[in-house]
Each structure stands twice: as C-alpha cells, then as structure tokens.
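S.K.: Handing you a structure now.
What follows draws every value from the coordinates through simple rules; no lab data is involved. Worth saying up front: this structure is predicted, and the values here are computed from it rather than measured. Glycine also receives a Cβ, built like all others from the backbone with ideal geometry; neighbour counts cover every protein chain displayed.
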C-alpha cells in the first residue's frame, strides 16, 4: 500500500490528537482505592491515609483533584484519631475550595471539548460544610473549645450563604405564621445541615449561650421541614436540648458507614443503515466495564456510520450496615442514638441536582464530536483512501472514546450516616461505650473509655464505625 | 491553512491541559509593610491592634491614679484573650507587642502568665536542690499582679457569593484583681471587604 505525503500528515495529526486526548482526559478511577478501602474496612485509617500521602499521592489523585486528596486523607486521619494531621489536611481542602470559587475559563472550555475531568475539583457544598464540622470535632477532641467554636462559626457563615443562595422557601417560612405558611417539598437542594447546626448548638450551649443554641435548634427544625427529601425521618432533637440539666448531660455523636462513590455507565450508540444499536456497560468494583444491555432497533432513514459514546456518572451508595447504636455507661445500657443526618442522601441529592446539566453537557459534546468525527472520517477516506482511511477512522474513534470519560470524582471517606443522642447522667467519671448493631446482631463495640462528665460542660463523645 | 489550524488545536489542548508553573519568587520587605492577600486576619491587623491598645492604655487616667495612690508602677498579668471570631487567630503577637512596649516605656511591669510561670517555677524548684546557696532563688517571693489584662476577638461576617465583609472587634479590659473594678476598656475595630472574582483565565 502506498501512502502519499499528504495522507501521512493527516494520519500523523490523527495519532497526535489521540495521544493528546488520552493524556489530557485521564481520569480518577476507582481501582487504586481497592487496597485503601480494604485498610479502611479493617479500621487501619491512619495507615490508609499515609499510604495515599507523600510520593504515592500521584497514584491516587491528579493535581486537579487536590481537594479530594485533602478531604479523603483528612477524614481518614480523623477516624484514626490523628486530629492535628486531620485538621491540617481539611484546612488545605477548605483553602482550595475557596480558591476554586474562581472558575478557570480555559478549563471550562476544555470541559466542553473533552470532559469535566479537565476541571479542578472544587468540592460540593456538603463537603465544604462537613469539613468544618469534622475540624471542629478535631479541635474539641484535643480540648480546644475556642478553636472548635471558630469552625462552627465558619459553618454558620457557609450555611447562611447557602441559605441565601437556595432557600426562598426558608425566607417565606421565617416571615410568616407557621399555620399560614404552605410548606412545599424542597427541590432537593441542600442548603441547611441539621448535623452542622447540632454541633453549633452543642458549642453555644457549652458556652452557656442558650440564645445561640435556640437559634441552632430552630435551624434544625427548619432543615427537617424545608428539606423533606433529604430529611425523610423524624427529627432527633426536641426542645429538651435547650433545657439546663440537673446533673451532667452527655452528648454523643456517632458516624457510620461510608459516603457513596461515583461509577460510570457507558452507552455506545452506533448507527447502521436504518438501524440504531445501543450497548450499555456498567463498571464493576475493579473499574472494569461489564456489558449490561444491548438493543438494536429499526429506524427508517437513519444514515449509517455514526458512533457516539456517552459516559454518564451514577452514585453507588456504600451505605452502612448499622441500624442501631446503643450507649452503655458503666456497663449499663442507657439509651439509643437517633439519626440526625443521612449524609449519603445529601451526596445523592446534590448529585441529582447537577445530573441534568451533566447529562445535557455530555450528550451535546458527544454528538458534536461524533458528527465532526464522521465528517473527518469521510474526508480521510477520500484523501487517504482504502486501508489508511479505515485506519484513520479507527484512530478517530479511539480519540473520541478516550476523551469521553465521566467525571467520577467525589470524596470517598465521609460517613454515610450521622447519629446523635443526649443523656442525663450523674456528674463524675463514667466508663462509656457505644454498641453498633445490625438487625439485632452486635457488629462493633467502641470503648470511649472513662469520661469525666461535668454539669454545664460540653461533655461530647464521638465515635465512628466503618460497618 | 489546515496545518496552522492543527497547530492551534494542539496549542489550545496543551493550554487546557494546564501546564502549571511552579516558580517561586521571594522578595524581602519591611516588617510593617501592609500585605493583604487573602483578606483574613494578618500581621497588619495584629500591629494595628497593638498600637491602638498601647496608645490608649498608657494615656488613660487609671495609670496616674494608681501611681499616685500607690507610689509605684502597676503590675499587670495577661489573662485570657479569647478568640470568638470565625478565624483561627493567634493573639500572642499583639499581646507580646503590648507587653514589650509598656514594659520598655517604664510605665508598667508585667509578671509571667500561668503558662510561663509553670516553666519558671519548675526551674526554681529544681534550683532548690541543684543550685549553689549563693545563687539559689527563693520560693514564695514572686510579685503579685495588681491588674489582669483580659480580652476577646469577635468577628461579624456578612457574605454573598464572591463578596465578604468582615468586622473584627478586639476588646481588652484591665481588671483590678483585688477590687474587681474595671479600670480601662480598649476597643479596636477593623473592617475588611473582600471580593473574589468568579472567573480566571
């Protein structure tokens, strides 16, 4: 086969394009995390964090995913009890999220041409809120009340911003009599976190500022009323939280499970003469694509030769097996904790709000690229002819497929569920344990040790189960 | 023409891929230069607070009243300076600035705060066994403070997307330890407006 100089140039450009697209569109995948997830399942949180840090960091996170790195490692250090390291990493995540508020025009243009992975991961609203919640818990674990309070004030500023941005409902609710207000279902938009408000309530109450605590209590009530899609369970806090107890009050915050991960659903649509074929593939735990469906149907008038590959992200819950958490004080069961936040549901709701935009952007981009590729392939066939033309067409298809990758980025190590409980207990030293159950079977016992409970003190105990 | 177009595409793709530069430049500058980078509390704010507090505290009547009544300089101790703001602020720099200026002016004396005392007392206790009789420092001979300096930093943040106004307020009070009278209250307010661009290249 003879190849003309012009055809060589065309092929060279095509190969160059393939290489560049493959290089710039590489994504964060789930596979490298299998080993880390195993360590997390065994409770080796700090070891998992260290494995992903230092020189190994680039094996797990690209430069554009720094926010994810700091969030994931910060949370793992939190679970591992290394609170200072946790705070350092969560601080970095917070600074970057703030920095990435300013969007890059060049990256946005790149995402229209390639995929959303070319953009810096700027964090979701809930991630930005939760990082302050866990930073606050880090400071409180080290006995630094003032620093813990700083984080709570930051949470309040951020929640106020979200409320101003998304909550016209809340404004209506606040300015009218309860009975006169017609409460509508929320639009799934997360703008108020009962968990964050509860931590704030704890600190205001610990400070003796019951007016501040009451404001947070009202915000918790609002969160359940105005975001019923997110808070589809009974509020766990009532006005007794604003009562001054006779003795000591032990407040318990427990977290369980892991936040959802994103996976890709791949749809390949190919046209033949008067036919359209659709192949659907899902991703397994190792990141391999598994065909899950194939349809071919007759479509009169459809021109053959077009091929579009879509990759759309979906959330796969990691969940938690825990359904009951029981507090045991001095070997005596005291009571059960109640769910205050389904963090998994918030991740899902946030994703659902963005999904239509992701879908439209992906479809539009793929169709444009598919049509341009088809035009290019025809030109290639005409100019290079025969085998080289065919090879060029294959190269063009590879280039487009390589660039069309779903953005699967999301933080992996926030909990799935948050629980709280408040218990009146006599002042003094007590041995405190938390028992995690699933379907009546004991999964885990977290011995929190001897706590010195004081009247009017914060008396906060926290715990995490990866089950 | 097509070759040029290809080159442009390649260039654009490379730009999109984000070839970041990691160059670091360092420029030495005077310590009192005003440097506002992020809009958060910084050394300039700390310095402004110290200057205001030093000026105010040393010019109010409590100082002359005490000196006239007691015939000596007042002895101060730094108590709790609480951070009630929405930023992690280290209060040490401006407290040290205040201590330094007031000690050096000869108008007041400061005694060590509880944290500093712990280390010094440990040394003094050690001297009781390890130091020679001529150089040993006696226990129970510390100077008791007349006044305690306490304070707080609060902040009020008003923000909408991309804009943030923060009002910092530093309040300091001087309390007579014996009578619990507040003899001086100083306040410094600093307001900052920070605007963040929504887009960058």
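S.K.: What is the mean number of Cβ atoms from other protein chains located within 10 Å of the Cβ atom of each residue in peptide A:101-110, rounded to a whole number?
M.R.: Numbers: counts 5, 6, 4, 5, 3, 7, 6, 2, 3, 6.
Across the residues of A:101-110, the mean count of other-chain Cβ atoms within 10 Å is 5.
S.K.: In whole Å, how far is the Cα centre of region B:119-167 from that of region A:217-284?
M.R.: Using only Cα atoms to place each centre, the spacing works out to 47 Å.
S.K.: On to the next question. Ranked by Cβ crowding within 10 angstrom, fewest neighbours first, how are B:41, A:299, B:62 ordered?
M.R.: Numbers: B:41 22, A:299 13, B:62 16.
Listed from fewest to most nearby Cβ atoms, that is A:299, B:62, B:41.
S.K.: Compute the relative contact order of chain B as a whole-number percentage, counting only Cα pairs closer than 8 Å that sit 6 or more residues apart in sequence. Can you show the working numbers first?
M.R.: On the way: 241 pairs, mean separation 40.4, N = 201.
Normalised by residue count, the contact order of chain B is 20 percent.
S.K.: Next up: Taking other Cβ within 10 Å of each residue's Cβ, how do B:149, A:380 sort, fewest first?
M.R.: Values: B:149 26, A:380 23.
So the residues, fewest neighbours to most, are A:380, B:149.
S.K.: Label region B:113-201 by shape, choosing from rounded, prolate and oblate, from the square roots a ≥ b ≥ c of the eigenvalues of the Cα gyration tensor; if a/c is under 1.5 it is rounded, and otherwise prolate applies when a/b is larger than b/c, oblate when it is not.
M.R.: Details: a/c = 6.41, a/b = 2.22, b/c = 2.89.
Note, shape of region B:113-201 comes out oblate.
S.K.: With 10 angstrom as the radius, rank A:417, B:88 by how many other C-beta atoms surround their C-beta, starting from the fewest. Walk me through the intermediate numbers first.
M.R.: Numbers: A:417 24, B:88 18.
Ranked by crowding around the Cβ, least crowded first: B:88, A:417.
S.K.: When chain B is modelled as a GNM with alpha-carbon springs shorter than 10 Å, which of B:29, B:187, B:143 fluctuates the most?
M.R.: B:29
S.K.: At 7 Å along the Cα-to-beta-carbon direction for both residue A:275 and residue A:330, put a label point, then send me their distance in nm to one decimal.
M.R.: Computed distance between label sites residue A:275 and residue A:330 equals 7.8 nm.
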